[in-house]
Each structure stands twice: as C-alpha cells, then as structure tokens.
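Notes follow once the structure below has been shown.
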Amino acid sequence: MSSPDANNPARGPGTLGPEVRPGSRRRPEPPWLPWLRANTGRIALSIPALVLFLGIGGVALAISTNHDTQLREFYSSQATEHLESEDSDRARFCMERMLWLNSTDDATRFKLAQAYITLGQRDRAQGLIVQLAPANETGYAPAHLAVAKSLLSGPDLTPQKVSAAEAQLKHTLNSEPNSLEAQVLLGNIYAQTGRLAEARTQLSMAVNERPDLLLQLAAIERRLGNEAQARASADKGLKIFEARYEEDPGDLDALLTVASLSAFEKNFTRAESLLNTAIETQDTKPLHKGMATLYLAWAEDLLKDPKNPPETWLQVLEKAVQQDPENTSLIDRFQMQMVKSGRNDDATFAALRDMLSKGQAQVSSLFLLGLDAWQHQRLEEAQNYWEEAHKLAPEHGGISNNLAWALATNPKRDLPRALEMINHALEQTPRAPDLLATRGRVLVRMERWNDGLADLEKALAARPNDPDIHHDLADAYTGLSLPDMAATHRRRAEQPQPAPDPGSPNS
C-alpha cells in the first residue's frame, strides 16, 4: 500500500479541503480563510456583543430624537405663553430655540418675524418675510396675506402697491384656496380697478360666510347692467340683516346695513326713518355718518334726473353736510357726480346764485359756487364764497382746505392764517393727502423748505400725478439748492396726465 503523496493528500477524516483527484489542479484558498478557521470560536462569542452595541446605538438615537421633540414642545408652549402676555422678547428667544431645533418650521419663522416687528427689529423681520412670502412664487400663505394687508393699509396707497398686494393674495389662495380674508381683499382690488366680472366671481366665494358682501355684489351687478340680479342680491341681504336687527335692536351694524340696502333699492325714506329712530335712542357718530352717506346717495339720485331743479338735490346734500361736518369728501364727491351728470352747467350755478340772493345761504351751495369760480379763474370770488362757507361750518375740513389753498395762492396772500386753518383741519384727519398738499404749499411759500418737502412727499405718494404737488416740490428743491431734483419735478408737472385729478383746490 502506497503512502499519501505530500502534494496530493488523500481525503480523510478531519480534512477541510475538497477532495482532489489525481491529475487535477488545486484551487488556491482565499487569504482570509485561514484567519476565519483560526478565529471561528472568538467570532461566535462576539456576535451577542455586536448586537448589543447596535441596540444601544438605536436606543441612543431614539432618546436623542425624543429629547429634541420634547424641547420643541417646551419652547413652543413657552413661546405661546409669552406671546399671549405680549412679552415679545422672551417669545423671540423661545422661537429662535425652536428654529435651531427645526429650521424648516414656517409657522415658527412667521411668528418670529412678527415678534421682531414688535421689537422694532424690522431688518431681521424683513429677512424672514422675504423667505416666507417671495414675490414670484407661492410660499407660506399667512405670510403672503400679512404682506398684502400691509401694502393695502398704508396711507400712501399707490397702483404699484395695489399690484404687489394682488400678487401676494393670489399666492395666498394658491396655498389656501378657502382663505376668506384673501378672497375678500382680492375681490375688493378687482372691484376698485374696474375688473367687475372678476370681482363678482371672487366675492361670491365668500358671500356665504360674509353676507354683508351682498350689498357690494348688488352694486357690481348693477354696474354690469344686471339689474334683476342686483335686486335679488339686495333683497337677500335685507332679509338676513332685518332678521338680525329684529333679534338684537342694539346691533348697529345690522341697522346700517339695512339702511344701505334700502337706499340701494331707492327706498330712501325708509332708510331715513330707520336711522332717525335709532339716533333718538342712541346718538352715536357711526349713525350720523350712516345718515350722511344716505343723504349723499339720495342727492346723487335726484341729481341724475334733469327734471329736478338744483334746490331739490341741494337741500338733501346740505343735510349730508350737517350730519358729518368733518367729512372732507362729501361735497367733493357730489361735485364729481355733477360733472358726470352734466349738471355743472351755467344754469345750475345761476340757480345757486339766485338761492343765495334770496338769503338761502347754505354751506354746500357756497362750496360749489366757490369751485365754479376757481375753475373759471375768478380767484377772489372763489375765496369770498369759501369765506362765507367757513363762517357757517368752521369745522368742515374740505372748506378749510380750499380756503387755506386760496389764502396761499391768491395774489393777496395770508400765509399765517392759511397755516393756522390747515393745521386745525389736519387735527381731525392727520393723514389726508389733500390737506397735506395744501400745508406743503403754505410752508413752501413761507420758505420753510424742509417742512414743506415732508408734507408734499407724503401727499405725492397718494397723488403721484398731481401737477400742483410737483410744482410745489420743484419750488421746495429750488429753495434747498437742489436744481436737479427741482428740474425733475418741473418736468413731471408739465407732463400730460393720463387721468386728470380733480383740480386743486379740492373738487
């Protein structure tokens, strides 16, 4: 029996390698195999430890995640408490910690921006708002809505701001289609910019939650020529708000809405009776303003019928002035309706002068006669009419404004009196652009250049196409030795205006 060949060992008990037949070539074993044979027992003992290590790591990760969640919840509750107590600085601290734990939380970033605004840190707030409410894409809906409201709420509302607000509201509705506030604001923008069909569509989405919009929808339908639909909307609104007022006679908002809807249906006497009854029991300023609005609408309705002589609508207009003497726009608005209706003619003003010659002097007739004289370059006559009107209604802002303008513009100037008069008017309505424009004119003529410039710039923001404001700004910059700025405004003053504003004085 031959012994095994050293290079071709026989397969036998205890051998691990495969059997190799004579004449075959042996495959080389992997380099790690000897190590594995030598350490098999040790590896087997190590497996439980490895499993334990991985388990401990998973638990640690879970503990860490749970700890972050608890921290966020803690800071969130603390931020809410501090916001409710109006402690903006502590609320800011808590929200900053929340964002450190989760930087993608838009709701927290928005609240933090609001806290920054409260703290006067507007640059930091703006940085967050720009991220949350970009102009060209949809971001965080509440931030878009807040930006739109901010753009629309300022005293210096310009077409550019209205357009930017519209874009922000559309982004809001892209993200939150049922945002009632965004629907109403966007509908109002459409209505104010003449896009009546779009306004109707937008406001109709909100009318179930906001039935007070029925009056606005009725007015839109009437302007679109849909009188039947206009009456249907008004009738629906009357039923809703009459029921509310019957249930709660102290609900003045419901009463004013009923009066407005009645006036819309030209039931002026009923609206007048309702408001008079309410004034007898609770004599409040909103009721008097509502009555003034009613009388103005009534006078405008009478004006539209050429068969009605001036005294018919003038008596009603005078009632509006008496109900709300601080309202600078009542007679201005009516005068514009006179122009649209073709009633600002010689016959009308002759009738007004005839009334005055009979001792029937009224504030509204004097105001209108002054406007007619001013527009025909009879400046001294205009000033005299406004002097008489001012004696009858010294608190009427529109009369004070026009008289102050005349005192600052006419050849016989009285600048100290003009300034005193316009300052008094601005105490009632400090942001009125017409009043600011007049005071700016007075101050420039007093050579108080910087003071005049400040008022005129504020007025220009609201009336960017007013040539009078540009002329006065040119004078102010000339006085400040800034000829380039003066030349710019002189060019603007001489440019053709796309839609001429009512001339100054206010008209």
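The values are calculated or read from the model by the stated rules, or taken from the named source; none is laboratory data. Quick caveat: nothing in here was measured; it's all calculated off a predicted structure. Every residue, glycine among them, receives a Cβ derived from its backbone with ideal geometry; neighbour counts consider all protein chains shown.
Filtering region 157-175 to residues that are surrounded by 15 or more Cβ atoms within 10 Å (Cβ to Cβ) and without any contact (Cβ under 8 Å) to a residue 12 or more places away in the chain leaves only 161.
Number of residues in region 393-436 that are part of a helix (DSSP H, G or I) and either under 34 Å from the mean Cα position of the chain (by Cα) or surrounded by 14 or more Cβ atoms within 10 Å (Cβ to Cβ) (or both): the value is 30. On the given criteria, is residue 176 under 14 Å from the mean Cα position of the chain (by Cα) and either among the charged types (D, E, K, R) or modelled with pLDDT of 85 or more (or both)? Criteria not met by residue 176. Restricting attention to region 382-402, does a residue exist that is at negative phi, without any contact (Cβ under 8 Å) to a residue 24 or more places away in the chain and among the aliphatic types (A, V, I, L, M)? No: region 382-402 contains no residue that is at negative phi, without any contact (Cβ under 8 Å) to a residue 24 or more places away in the chain and among the aliphatic types (A, V, I, L, M).
Inspect region 140-156 for any residue being touching a residue at least 60 places away in the same chain (Cβ under 8 Å), surrounded by fewer than 18 Cβ atoms within 10 Å (Cβ to Cβ) and either among the aliphatic types (A, V, I, L, M) or closer than 30 Å to residue 459 by Cβ (or both) and give the result as yes or no. Among the residues of region 140-156, at least one is touching a residue at least 60 places away in the same chain (Cβ under 8 Å), surrounded by fewer than 18 Cβ atoms within 10 Å (Cβ to Cβ) and either among the aliphatic types (A, V, I, L, M) or closer than 30 Å to residue 459 by Cβ (or both), which makes the answer yes. Considered as a group, the residues in region 437-466 that are outside any loop (DSSP other than H, G, I, E, B) and of a type in the set (Lys, Arg) include one that is nearest to residue 393 (Cα to Cα), and that residue is 439. With the requirement that a residue be under 32 Å from the mean Cα position of the chain (by Cα), part of a helix (DSSP H, G or I) and of a type in the set (Ser, Thr, Tyr), what does region 258-285 give you? Matches in region 258-285: 260, 262.
Count of region 123-139 residues, restricted to those that are crowded, with 20+ Cβ neighbours inside 10 Å and outside any helix (DSSP H, G or I), is 2. Any residue at all in region 361-375 that's surrounded by fewer than 16 Cβ atoms within 10 Å (Cβ to Cβ), of a type outside the set (A, V, I, L, M) and either in contact with an Asp or Glu (Cβ under 8 Å, 6 or more places away or on another chain) or part of a loop (DSSP other than H, G, I, E, B) (or both)? Looking through region 361-375, none of the residues is surrounded by fewer than 16 Cβ atoms within 10 Å (Cβ to Cβ), of a type outside the set (A, V, I, L, M) and either in contact with an Asp or Glu (Cβ under 8 Å, 6 or more places away or on another chain) or part of a loop (DSSP other than H, G, I, E, B) (or both). If only residues of region 309-327 that are within 35 Å of the chain's Cα centre (by Cα) and assigned to a loop (DSSP other than H, G, I, E, B) are counted, the one that is modelled with the lowest pLDDT is 326.
Restricted to region 328-360, and to residues that are within 21 Å of residue 432 (Cα to Cα) and not in a helix (DSSP H, G or I), which residue is modelled with the highest pLDDT? Ranking the candidates gives 329 first. Quick check: anything in region 103-112 surrounded by fewer than 19 Cβ atoms within 10 Å (Cβ to Cβ), modelled with pLDDT of 75 or more, under 21 Å from the mean Cα position of the chain (by Cα) and not in a loop (DSSP other than H, G, I, E, B)? Taking every residue of region 103-112 in turn, none turns out to be surrounded by fewer than 19 Cβ atoms within 10 Å (Cβ to Cβ), modelled with pLDDT of 75 or more, under 21 Å from the mean Cα position of the chain (by Cα) and not in a loop (DSSP other than H, G, I, E, B).
Kindly establish whether residue 272 is of a type in the set (D, E, K, R), touching a helix residue (DSSP H, G or I) at 6+ places or on another chain (Cβ under 8 Å) and either without any contact (Cβ under 8 Å) to a residue 60 or more places away in the chain or closer than 23 Å to residue 327 by Cβ (or both).
Spelling it out, residue 272 is indeed of a type in the set (D, E, K, R), touching a helix residue (DSSP H, G or I) at 6+ places or on another chain (Cβ under 8 Å) and either without any contact (Cβ under 8 Å) to a residue 60 or more places away in the chain or closer than 23 Å to residue 327 by Cβ (or both).
Residue-wise test of (1) under 20 Å from residue 400 (Cβ atoms); (2) of a type in the set (S, T, N, Q); (3) at pLDDT 90 or above.
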{"position": "457", "(1), (2), (3)": "no, no, yes"}
{"position": "470", "(1), (2), (3)": "no, no, yes"}
{"position": "473", "(1), (2), (3)": "no, no, yes"}
{"position": "480", "(1), (2), (3)": "no, no, yes"}
{"position": "485", "(1), (2), (3)": "no, no, yes"}
{"position": "490", "(1), (2), (3)": "no, no, yes"}
{"position": "497", "(1), (2), (3)": "no, yes, no"}
{"position": "500", "(1), (2), (3)": "no, no, no"}
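Residues in region 333-351 that are free of Cβ contacts under 8 Å to residues at least 60 places away in the same chain and among the hydrophobic types (A, V, I, L, M, F, W, C): 334, 338, 339, 347, 349, 350, 351. Picking from residues in region 268-278 that are of a type outside the set (D, E, K, R) and surrounded by fewer than 15 Cβ atoms within 10 Å (Cβ to Cβ), the one that is farthest from residue 298 (Cα to Cα) is 277.
Considering only residues in region 279-314 that are under 21 Å from residue 365 (Cα atoms) and of a type in the set (Asp, Glu), the one that is surrounded by the most Cβ atoms within 10 Å (Cβ to Cβ) turns out to be 300.
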